[in-house]
1. No solvent, one uniform scatterer per C-alpha: report log10 I(q)/I(0) for the stretch 136-258 via the Debye equation at q = 0.21 1/Å, two decimals.
2. Please report the net charge: other residues with Cβ closer than 14 Å to the Cβ of I240, K and R +1, D and E -1.
3. Calculate how many DSSP beta bridges within the chain are antiparallel, expressed in % of all such bridges and rounded to the nearest 5.
4. For E35, which sequence-distant residues (separation of 5 or more, or a different chain) have an amide H within less than 5 Å of its own amide H, given hydrogens modelled in the peptide plane?
5. Based on Cα positions only, what radius of gyration and what Dmax would you give for the stretch 53-124, in angstroms?
6. How large is ³J(HN,Hα) for each residue in the stretch 225-232, as worked out from phi by the Karplus curve 6.51 cos²θ - 1.76 cosθ + 1.60 (θ = phi - 60°), to whole Hz, x for Gly and Pro?
7. Just how large is the dipole of the stretch 136-258 about the Cα centre, in debye to the nearest 20, putting +1 at every Lys and Arg Cβ and -1 at every Asp and Glu Cβ?
8. Among the lysines, which fall within straight-line cross-link reach of K172, defined as a Cα-Cα distance under 16 Å, with same-chain neighbours fewer than 8 residues apart omitted?
Amino acid sequence: MRALQVTRPGGPDALTVTDLPRPKASPGHVVVRNEAVGLNFIDVYFRDGTYPTAYPFVPGQEAAGVVTAVGHGVTDFAPGDRVAYATQLGAYAEYTAVPEAKLVPVPESVTLPDAAAALLQGLAALYLSGTTHPVRAGETVVVLAAAGGLGQLLVRLAAHLGARVVAVASTKEKREAALAAGAHHALPYKDFSAGVRELTGGEGAHAVYDSVGAATFEESIRALRRRGTLAVCGLSSGPITPVDVELLRTAGSLYLTRPTLADHVPDAASLRAAAAELFAHVADGVIRPDIGERLPLAEAARAHTLLESRATTGKVLLTP
Ligand SMILES: NC(=O)c1ccc[n+]([C@@H]2O[C@H](COP(=O)([O-])OP(=O)(O)OC[C@H]3O[C@@H](n4cnc5c(N)ncnc54)[C@H](OP(=O)(O)O)[C@@H]3O)[C@@H](O)[C@H]2O)c1
């Protein structure tokens, strides 16, 4: 079968098209024929070595497809089932063997491309707005990289929960995409904390969801009100240098957290419950994945280049 492989950490050219044996269904595993593979920024962290792993490996964490075989002991899935997964390395391939516990069923009301486009970033948007900082009606929350895959879904959920959403994005087109996703205001990055203060009568925001990291950390702190929460949910511009915790006192008794999806869906039961909630939101239109680009799997290197150069809006899907 055709797959992409990384044999050493590097740039997009570290992704090479290769031919690998089709995986077999070992005990507890399900073989999925991937119909749509989701591109996520975490794929860049694995490819460039920010998140270390063993080499060679097949990258990609997210896909939706159809079950072709099940291993001994698998009870919840059968050949022909429509399924998706979001936290399992190996998605950049025609077929992937996935542990049963990491698989979720896709209801008939959701297409497989929408499932692949929504699952990882949608699960993240759900816990960020429901657990990390539970968004309440009337609050002001700020979403950075608001036109991106995660950003648009977070904007939609926060607006659905009744917050006033301030989107931050780099270009006019991206700010328009964030407004179309339900944001009430859209700002460029430069001095966005001043814009947030102006919109809130000088108070600042209840929460900032910052997936950009190094480049925006200080501005995000400045955008918060007393006892506000900074959720650093990504590192697109690079990791944040060590922080003096006294900053949290002087900036207004702030809360700072660096959450990750795996800790919010640590087992099959929590993953399936969250996915069911997410897919219900997709079916009823609260969450509408914005699929900005579909590329053949063999063009994964180009997809990475586009994502890293900030040229994408919404979700990028790869087709095996
Ligand atoms: N913690 C979690 O559970 C979780 C889950 C999913 C994603 N994430 C994180 O959320 C972020 C977004 O992920 P995504 O897959 O949805 O990607 P994305 O937002 O679709 O794409 C990345 C966007 O980040 C912005 N950006 C700002 N500075 C950047 C830089 N120096 N290089 C590249 N991009 C930059 C760009 O938007 P502008 O042009 O508007 O700045 C770019 O389009 C990533 O940091 C990812 O790791 C975290």
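1. -1.18
2. Working: positive: R258; negative: D210, E218, E219, D244.
Charge balance in the 14 Å sphere: -3.
3. Working: 29 of 54 bridges.
Percentage antiparallel, nearest 5: 55.
4. Long-range HN contacts for E35: A64, G65, V66.
5. Answer for the stretch 53-124, Rg first and Dmax second: 12.1, 38 Å.
6. For the stretch 225-232, the Karplus curve yields 7, 3, 6, x, 10, 9, 9, 7 Hz.
7. On the way: 14 positive and 11 negative charges, 53 e Å.
I would put it at about 260 debye.
8. Of all the lysines, those that pass the test against K172 - Cα under 16 Å, at least 8 places apart if same chain - are K190.
The values are calculated or read from the model by the stated rules, or taken from the named source; none is laboratory data. Note that the structure is predicted; figures quoted are calculated from it, not measured. All Cβ positions, even for glycine, are placed from backbone atoms using ideal geometry, and neighbour counts span all protein chains on display. Ligands, DNA and RNA are excluded from the accessible area calculation, which covers all protein heavy atoms including side chains. Shrake-Rupley method; radii C 1.70, N 1.55, O 1.52, S 1.80 Å.
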